[in-house]
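Step one of this worksheet: look at the structure below.
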Amino acid sequence: MGRIYRDQQPSIKHGQNRAVRNALEGGLDIDTLPDNITHVVEDSQRYYRWRSYGPGDRRMEELWVDLSSVQQSEVRVHGILSNTHRQAARVALSFDFPFYGHYLRQITIATGGFIFTGEITHRMLTATQYIAPLMANFDPSFSKNSTVRYMDNGEVFVVQWDKVRLQGREAEGTFTFQAALHNNGTIAFNYREVPLPVEKINSTEHPVKVGLSDAFMALLPSPQSSDARRRTIYEYHRVEIDTTKIINHSAFEFTPLPTCLQHTTCELCLISNLTNGCGWCNTLQRCSDGIDRHRQEWLDYNCPEEAKEGTCEDYTQGGPEGSTGSFNHSAPEPTPSPAVLSDIPVTEDLQTGPPHQERTEHTAIIAGVVAALILLVALTLLAVYYINTHPTVAPPFYLMQRHTNNYWPSMKFRNQSCHSTYAEVELGGHDKEGFIEAEQCC
């Protein structure tokens, strides 16, 4: 049951019942779901419904986003991706994009015709968690006319691979296609130029995929040590489309279906007709079927047992409006009646001690806060002065290096044995931040 997606073996066919674990550097594995989890990786249209459109369909023209007609200030040609091979760059979205029920605010655009949607970067970005209009071994650096550009107007985020060519098969012609991510979760794959059938694209040097995929990360006991736990990424769902329908002036539209994660109350979670198999975890105040990106947290808080045994009545106190959870605070103090309020002078605060005592306590607190702020500023100035006057000392120099790579860690696309893998770049050197640098195959 399930699918393997080791990129080094592209010849494996749809639905084979094999379990292969691909161990990655840094203790991260990629695997399929275990046999005891009856959740098939192959698509069942549980998460998305899709349709294809050909050259004569009006909807195909409606889905295409003409970037040449958009205000040029909104369109950005990515200089790095447009001039390199096998690289990817992180881009922030201006809106929350729902993907498999999860909301994304950051994606990674790759020169290879796909978007990586995972939160944890690893070497095999092509394995899972992707939006792939046409994942293949494209090389935008071959021609100055080849570009990777994108646009975000708050309603739709569009990535267009424009006049790109396959490495080693440049004479076959140029490909122009795009992926459009709408803020309602709809995804469109639009194709303008496809000079050869997708089935004839070689997958030896780079995986060839078209569709959607998502996965979750789980912490499993390590076989080497009973105390250590291994991070493993499991692909729990994949959407694959009929690639024979990808021709010039064609399109695919993916419409998201309701998921358990969208329900915010126990009642909606358990009785909604839009979804099935959902369970309510009152500890997390979350509705889920246990198979999503939050699976590890779902297991850590014993949500499977809670969802199996609990009912909404178990979490209700004082009627249907009084649902409480383990994260809720205690109920507020009752409001005094008008009769009681009339006996309290309106110019006085409710207090347990004399007024001058409370003012004294407030003054002491304010004085303490001011003193702490002054001390913090002094220490900060002292640290800055020390770093500027001792630039070669190991501790401050390390902090300066670490700061530049903290928020946007660089990654390197490592082409080991002529197969596509990604790896994080070590700190230091001349690696550029925020994108992936290429390392060619020997």
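Structural remarks
- Calculated FRET value between Ala171 and Val77, using beta carbons and R₀ = 25 Å, to 0.05: 0.50
- Ranked packing of 208-217, 227-236, most packed first, by mean Cβ within 10 Å: 208-217, 227-236
- Convex hull of alpha carbon positions in the stretch 102-151: directionally averaged projected area 4.4 nm².
- Rounded Å value of the spacing that divides the Cα centres of the stretch 45-60 and the stretch 175-210: 14 Å
- The slack between Thr264 and Gln45, meaning 0.36 nm per residue of separation minus the straight C-alpha distance, is 76.5 nm.
- Charge tally for Glu193 (other residues, Cβ to Cβ under 10 Å; Lys, Arg +1; Asp, Glu -1): +1.
- Of the GluC sites (Glu not before Pro) in the stretch 54-121, the ones in a loop by DSSP (not H, G, I, E or B) with at most 14 other beta carbons within 10 Å are Glu119.
- For the stretch 263-279, the Karplus equation 6.51 cos²θ - 1.76 cosθ + 1.60, evaluated at θ = phi - 60°, returns couplings of 7, 9, 10, 5, 4, 5, 4, 8, 10, 5, 7, 6, 9, 9, x, 7, x Hz by residue, with Gly and Pro reported as x.
- When the pairs Lys144/Lys209; Lys163/Lys245; Lys144/Lys245 are compared against a 22 Å limit on Cα-Cα distance, Lys144/Lys209; Lys144/Lys245 fall above it.
- Cα centroids of the stretch 246-306 and the stretch 94-129: 19 Å apart.
- Distance (nanometres) between label positions extended 7 Å along Cα→Cβ at Ala364 and Thr244: 8.4 nm
- Each residue of the stretch 104-118 is assigned a 3J(HN,Hα), and the resulting list reads 10, 10, 8, 9, 10, 8, 10, 5, x, x, 8, 10, 8, 10, x Hz, derived from the Karplus form 6.51 cos²θ - 1.76 cosθ + 1.60 (θ = phi - 60°), x at Gly and Pro.
- Full extension of the segment from Asp57 to Lys308, taken as 0.36 nm per residue of separation minus the current Cα-Cα distance, would add 85.6 nm.
- Cβ-derived FRET efficiency at R0 22 Å, Leu257 paired with Asn183, nearest 0.05: 0.85
- Residues whose amide H comes within less than 5 Å of that of His237, counting only those at least five positions distant or on another chain, are Asp214 (H built at 1.01 Å from N in the peptide plane).
- The stretch 167-202: trypsin sites (Lys or Arg not before Pro) in DSSP loop, at most 11 other beta carbons within 10 Å: none
Just so you know, all these numbers are worked out from the coordinates, no wet-lab data involved. Just so we're clear, the structure is a prediction, and the values are computed from it rather than from any experiment. Cβ: placed from backbone, ideal geometry, glycine included. Neighbour counts: every protein chain shown.
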